Structures are given as C-alpha cells and as structure tokens.
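Structure first, commentary second.
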Amino acid sequence: MAPDNQTAEATRTAAADRTAQADRTAEVDRLRAALHGVPDPQWLADALHRVAAEPATVTRFFAAAGRRCGRDPLPDAPGWTADEAARALLLAALPADHAGHAGTLYRYGDAAEKRAVLRALPLLDVGPAGVPLLHDALRTNDTRLVAAALGRYAHRYLDQPAWRQGVLKCVFMGVPLDVVDGLDDRADAELATMLAGLAAERAAAGRTMPDDATGLLRRLTATQEG
Amino acid sequence: MRIFDPHIHMTSRTTDDYERMAAAGVRALVEPAFWLGQPRTSPDTFADYFDSLLGWEPFRAGQFGIRHHATIALNPKEANDPRCRPVLDLLPRYLEKDGVVAVGEIGYDSMTPAEDEVFAVQLALAVAHDLPALVHTPHRDKARGTERTLAVVTESGIDPGRVAVDHLNEMTVELVRDSGCWLGFSIYPDTKMSPDRMVELLKRYGTERMLVNSAADWGRSDPLLTRATGEAMLLAGFTADDVDRVLWRNPVEFYGQSGRLDLSDLADADATFAGNSILRGGS
C-alpha cells in the first residue's frame, strides 16, 4: 500500500474507532439512566465507583448485583433486565483489561453472570477477544446462554460457521430467531441448505419447523432464486 | 402436598426424575456439593462442578417449574486429598453467588486431622459469608462422629440455629436436638432412614427443626421418598399442616436464613421461550 493510502486508511480506522467508542459510551449512559428506578441505586453507584478504583472488587459486586438491583426487565432499556444491565455497567466501569476481566467473570460465573458478560461485550472495547466466550456459550444446552451469544457482538465478530451453527441450534432448541442480531444480514446460502435439511428431517418425523425458521428459509430461497 | 427437598444430588439424576418429582409435588430443592463417586484430583473439576450446580442444574430444574438452589463446599471425603485442598481458595468466590444458600456438605467422613481442619475453616467461611451450614455426619462410627461434629460446631461460634446436621437416625437424634441445630433425615430405600421410622421419630420428637430429605444421588436412592414420608405422616394421623411444616416451611425457614432463597413466581417454568419447554435441549 502506498504511504498516502496508508495514511488515509489509518485516518478512516481512527474515525471508525471514535464512532464505536461514542456508541459504547452512549449505550452505557442509556443503561445507567434506565437503572435509576432500581431498589438500591446507591449500592450500584458506590459499586461502580469502587470498581473503577479497585478492580479486584468487581468479583463480589458482580455476584451480588441481582440481589441488590433486582432481576426485572428495565422499561427504559428494552431487552435488558436490571441485573444484566448493572453487571454490564460494572464491567464497563473497570479501568483496564476488560477482556481479561470479562473472561474471568464468565469462567467463574453462574448462568446469570455468564449471560450478563455476553450481553456486555458490545459495550466493551475488547475487539474480537470475547469470541471464545461466544463459542463456550454456544456449546452449552442452556437456551439463555445460547440466545445471549447471538447478539450484536456476535453479529460483528463471530465467524460464519459458528454463527450458522448458532442459528440452527436456536431452531433446534425452540429459541425464537429474533434473539439473533442481524439475522438477514448474515444469513447465507449455506444456512439455507442447513435449514432445508432440518426441515426435511422434521417432515420425515412428522414434526413441524418453527414459523420464524420457515420464514427465514423462504426469504433465503427467494433471494437465491431471484 | 408441596415439597421442598432440602438435600438431593440432582447432578446424578435424570431429567425424567425432575419430571416425576414435579408431578409428585416437589417445587423447590437444594443440591449440596458433595463427592461424585469417582474421586476428583484437581480444583478445576470442582470449579466445573460448582458451575454446573449454579448453571445447568437450575436450568434443568426450571423446565419443570422446580426452583433449584445449592450449597457449596469441599466435602469431607475429598478434603483428605492434598490435590483438592486448593478448592478452599475457590470457595469465597462461589459463596457470594445468588443460588448459594449454605456452606455444605461439610463435616466428617473418616474423622482425620485433615477433615478437622477443613471442617473448621469452612464453618468460619459460613460465618464470614453470612450463610447457614449443612453438615454431613459420617456413615461409619456415626454416634461418635456426631458428638465430635457438634463439638466443632460449638467451638466455631456459629449460631446452632444456622446449622443443619444431616443423615441422623435413632442413635443421633437426641444429641443434635439438644444442641439447637436443625435435624436432617435422609430417607433411603434400605439404609439411613425409612418413611415409617421417620414417622415414629416425628411422633416422638415433634416437627420443630425437623428436615426430611431424599439425599438421592448416584447410589440406590429414590427422589420420591419425601412424598412417601408425607403420605406416611398423613396415614399416621398427622395433619396436612404438619406435613407442610416438615416438607415445606421448615426447609424454607432454615435456608431462608441465607437471604438468598428465591421462591418467587414458582408457578412459572424458567427459561422457556414462547411456551416451548426444551426438555432435552435439542430435537
């Protein structure tokens, strides 16, 4: 690449990084605002402060977040529950090594903590370092983890073969496909082949496919034919 | 009849057992960390085991509307293997989790010096993490083991009302009753305690601080013997309220001392999407 092109490329990358960082900050601010109504907002404010100053305290706060902030859906942040959002904020409040902390909190997390780490990944400046966590979650048979592993972060970073298997696993397990971020963006001819195979197996067994999977297969087939 | 099984090792049971338990009235249970038959040799396998008690098992249970909680500890048998000793370093992290309602099973297996030390350390952890303790009594030399257990409990300074001493029988019931600890009875097909013997103990000692569990595990055991004990109580003239106290309110009161027992929305089956129950996690 010529020096001028390199400079232009670096400028474009830097601009994209700034945009991504601004998006992450806006999302963190939105979750923070949505958590104002939780039972013990002062606990969360203190915890975020402590975590920023003493990162090792995150382990204890992360485990207690459900008990202190509740587990109900947040009206002002659709798709988020209070415990998930609080845990995402705790992760985002860490001063450094977000990927390392996310990995450890996931490794030793209960199911709700693991799910919160997966949900938090798009809010953290970790690049593709969180992808092994998605692979781990997609190997489980826990529908809550599988669903959380196919969000915005997966859309951006998960490799296509694992992403296709994840989508197919949702159909298998009865998880609605609206949990998959950017479904139609990433769905391809190979996924259509896999879905058609599953549909044929189900038909042979006298069983039906979920409507959302049938709809996706129809859209993919129409695109190919068109 | 609503049933809370305060001690059952679901890791060793099938999904069909969850289904049968739900049909029999089991709505909640506690799965204590224990040994798995095959000895373990590293703390990492314990971490995976604890993760399963706090992740996969609650998920499986939730599919049948059963609320699953756990107790976490290094069990007395494996406390004797120096390779497992670093499990103690993992415990502070796990004892902070939502689903953990006690430290357990701790106590004695062969009454070795290693068991003395690990038992005492874990009672101190229970105090430090503001959790009750579930204490296993040895199957061999049980009466003397129970005496020694109660001495260690007293020495630790933990409130006896926050300790359940388990696997009791006719020989050990009075010792524990006089200590102020809760009394656990494991109803087994052949060994430990039977429904009819349990009824006799309830007649003689009343229902206060009495906990009845199936302790079902990988051995010959039956997760429905809690229900059978409730039925035997009714046949013997106990009221439905007595049965409810023993099989529901007592375990709720004991583990409720953790502040982490979550029995809200029990009618709802957890983690199902759009009414689909994912009974095997695949088709």
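Derived value for chain A: Kirkwood hydrodynamic radius 19.2 Å. Basis is the mean of 1/r over every pair of different alpha-carbon atoms. Which residue, B:Gly25, A:Ala10, B:Leu134, has the largest displacement toward the positive end of the dipole of the protein assembly as shown when charges sit on each Cβ (Lys, Arg +1; Asp, Glu -1)? Highest projection toward the positive end goes to B:Gly25. Counting beta carbons within 10 Å around each of A:His101, B:His69 and listing the fewest first gives the order A:His101, B:His69. Remark: C-alpha extents of segment A:3-125 on the principal axes read 55, 29, 26 Å, sorted largest to smallest. Paramagnetic label reach from A:Ala53 (point 7 Å along Cα→Cβ; backbone nitrogen cut-off under 15 Å): within segment A:73-117, residues A:94-95. Modelled this way, with points 7 Å down the Cα-to-C-beta line, the labels at B:Trp218 and A:Leu168 are 3.3 nm from one another.
Taking the Cβ of each residue in A:His155, B:His139 as the centre, tally the other Cβ atoms inside 10 Å and list the residues starting with the fewest.
Ascending number of Cβ neighbours within 10 Å: B:His139, A:His155.
Dividing the C-alpha radius of gyration of the protein assembly as shown by 2.2 N^0.38 Å, with N its residue count, gives 1.09.
Where does the charge balance sit around B:Asn80 when Lys and Arg score +1, Asp and Glu -1, over other residues with C-beta under 9 Å from its C-beta? Local charge sum for B:Asn80: -3. The modelled label-to-label distance between A:Ala205 and B:Lys203, using points 7 Å beyond Cα along the C-beta direction, is 5.2 nm. Could you please state, rounded to a whole Å, how far the C-alpha centre of segment A:168-196 is from the C-alpha centre of segment B:160-192? Taking the Cα centre of each part, segment A:168-196 and segment B:160-192 sit 53 Å apart. Electrostatic tally near A:His98: other residues with Cβ closer than 11 Å to its Cβ, Lys and Arg +1, Asp and Glu -1, net -1. When a/c is below 1.5 the answer is rounded, else prolate if a/b is larger than b/c, else oblate, so apply that to chain B with a ≥ b ≥ c taken from the square roots of the Cα gyration tensor eigenvalues. It is oblate, given that a/c is not under 1.5 and a/b is not larger than b/c.
Taking B:Ala23, B:Ala164, B:Ala120 in turn, the Gaussian network model of chain B (Cα-Cα springs below 10 Å) assigns the largest fluctuation to B:Ala23.
Going by neighbour counts of Cβ atoms within 10 Å, the residues B:Val103, A:Val146 line up, fewest first, as A:Val146, B:Val103.
Here, each number is a calculation from the coordinates, and none is a lab measurement. None of the values given here were measured: they were computed from a predicted structure. All Cβ positions, glycine included, derive from the backbone under ideal geometry; neighbour counts span all protein chains shown.
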